[in-house]
Amino acid sequence: MAVITYRQALHDTLREEMLRDEDVFLIGEEIGVFEGSYKITAGLLKEFGEKRVRDTPIAEEGFVGAAVGAAMLGLRPVVELMTINFSLIALDQIVNHAAKIYGMFGGQTSVPMVMRTPGGGGQQLGATHSQNIELYYAFVPGLKVVAPSTPAEAKALLLASIRDNDPVLFLENLALYNTKGEVPDVVEPAEIGKAKVTRPGTDITIIGYSRMAVVAQQVAEQLADEGINAEVIDLRSLRPLDRQTIVDSVRKTGCAVVAEDDWLTYGIGAEIAASISDGAFDYLDAPVRRVAAAEVPLPYAKPLERAALPSAESLTTAVQQTLEAVGRRR
């Protein structure tokens, strides 16, 4: 078992899949000669050539559309969108074509493509380069949306995404690229649509995804020193959403806090809270609390940016307040 970065796990998985299946190819801005803005594709142009590592113009709608066509004809394109913010330029191709073709054509053709894209704040990239707008895509039937939190999960979910016959939006968070973790020598593809209980507990359920799943784990470990036994769920997949794992956990603990990097209003946490209400209402001892980003365009100034983003401190406070409300805090 090796300890590698999230970035390296993505790179190694792309390489392995290109070696395994000649139908897999990469397409996107600056992924070849420049080796990608975040160096995920470093060395792949030299190894596989221009036919399978294709640099594109700055035209997201054009190259995402080209990937849709290639997927319909039997290839397995992996698109790199430099940031999820730029995916908005390709929104028509993603929502009205990639997501709809299988259903509109009566299953005669599928669209086996992956769209890799980083998002998230904390890097002082300004309001239009720091958004978490995964909700736009998790809302759309026909797409699958996954959000790995660790190097091992990144590898397992990318394997699954590339081999899936449906279009998959693969969410990465800029803050995770340099994080390290153990990755087994042999990794099996993850089950898309299956959440993971990363820390069993009995007092409260903390639910997160991507960066906030990592923060949730850290918070749970710190709370253990106070005698609070928190259960942590890493969603891993936003569509399909594993409601059953969430409900089963809350039925056991009776309390829940949801942590997300996107905005509170209409956010992923709202869907999770509704799912808990539907499936575990009679088991709840307190309302579901939500921790999310401030509802503002993310500031550039570092102190303001930090204040606008959810943190370990804000999540810890939410957990403690929930437990205090039901008299459980020790």
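The values are calculated or read from the model by the stated rules, or taken from the named source; none is laboratory data. As the structure is a prediction and not an experimental result, all values here were calculated from the model. All Cβ positions, even for glycine, are placed from backbone atoms using ideal geometry, and neighbour counts span all protein chains on display. Note: areas computed on protein heavy atoms with side chains; ligands, DNA, RNA excluded. Shrake-Rupley method; radii C 1.70, N 1.55, O 1.52, S 1.80 Å.
Looking only at residues in the range 168-196 that are open to solvent by 60 Å² or more (accessible area, probe 1.4 Å) and touching a residue at least 24 places away in the same chain (Cβ under 8 Å), which one is farthest from L235 (Cα to Cα)?
Across the range 168-196, the extreme among qualifying residues is D185.
Going through the range 73-94 one residue at a time, which ones are free of Cβ contacts under 8 Å to residues at least 40 places away in the same chain, open to solvent by less than 40 Å² (accessible area, probe 1.4 Å) and over 19 Å from D164 (Cβ atoms)?
If the condition is that a residue be free of Cβ contacts under 8 Å to residues at least 40 places away in the same chain, open to solvent by less than 40 Å² (accessible area, probe 1.4 Å) and over 19 Å from D164 (Cβ atoms), then A90 is the only one that fits.
Would you tally the residues in the range 206-258 being under 18 Å from S311 (Cβ atoms), in a helix (DSSP H, G or I) and of a type in the set (A, V, I, L, M, F, W, C)?
Number satisfying all stated conditions: 8.
Does the range 277-291 contain any residue that is open to solvent by less than 80 Å² (accessible area, probe 1.4 Å), more than 21 Å from A138 (Cα to Cα) and in a helix (DSSP H, G or I)?
Within the range 277-291, one or more residues are open to solvent by less than 80 Å² (accessible area, probe 1.4 Å), more than 21 Å from A138 (Cα to Cα) and in a helix (DSSP H, G or I).
Do we have I27 as more than 15 Å from R116 (Cα to Cα) and either part of a strand (DSSP E or B) or hydroxyl-bearing (S, T, Y) (or both) here?
Spelling it out, it is not the case that I27 is more than 15 Å from R116 (Cα to Cα) and either part of a strand (DSSP E or B) or hydroxyl-bearing (S, T, Y) (or both).
Restricting attention to the range 95-144, and to residues there that are in a loop (DSSP other than H, G, I, E, B) and among the aliphatic types (A, V, I, L, M), which single residue is most open to solvent (accessible area, probe 1.4 Å)?
Here the residue is L125.
Residues of the range 50-66 being in a helix (DSSP H, G or I) and either without any contact (Cβ under 8 Å) to a residue 40 or more places away in the chain or in contact with a Phe, Trp or Tyr (Cβ under 9 Å, 6 or more places away or on another chain) (or both), which ones?
E60, E61, G62, F63, G65, A66 - these are the residues of the range 50-66 that are in a helix (DSSP H, G or I) and either without any contact (Cβ under 8 Å) to a residue 40 or more places away in the chain or in contact with a Phe, Trp or Tyr (Cβ under 9 Å, 6 or more places away or on another chain) (or both).
Would you point out the residue of the range 298-330, among those that are part of a loop (DSSP other than H, G, I, E, B) and farther than 23 Å from E221 by Cα, that is most open to solvent (accessible area, probe 1.4 Å)?
Y300
Only residues that are more than 27 Å from I133 (Cβ to Cβ) and among the small types (G, A, S): list them for the range 189-228, please.
Across the range 189-228, the qualifying residues are G201, A220, A224, G227.
Yes/no per residue for (1) open to solvent by 40 Å² or more (accessible area, probe 1.4 Å); (2) touching a Lys or Arg at 6+ places or on another chain (Cβ under 9 Å); (3) among the hydrophobic types (A, V, I, L, M, F, W, C); (4) at pLDDT 95 or above:
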residue	(1), (2), (3), (4)
M1	yes, no, yes, no
L10	no, yes, yes, yes
R15	yes, no, no, yes
D23	yes, yes, no, yes
L26	no, yes, yes, yes
K39	yes, yes, no, yes
R54	yes, no, no, yes
E60	no, no, no, yes
A67	no, no, yes, yes
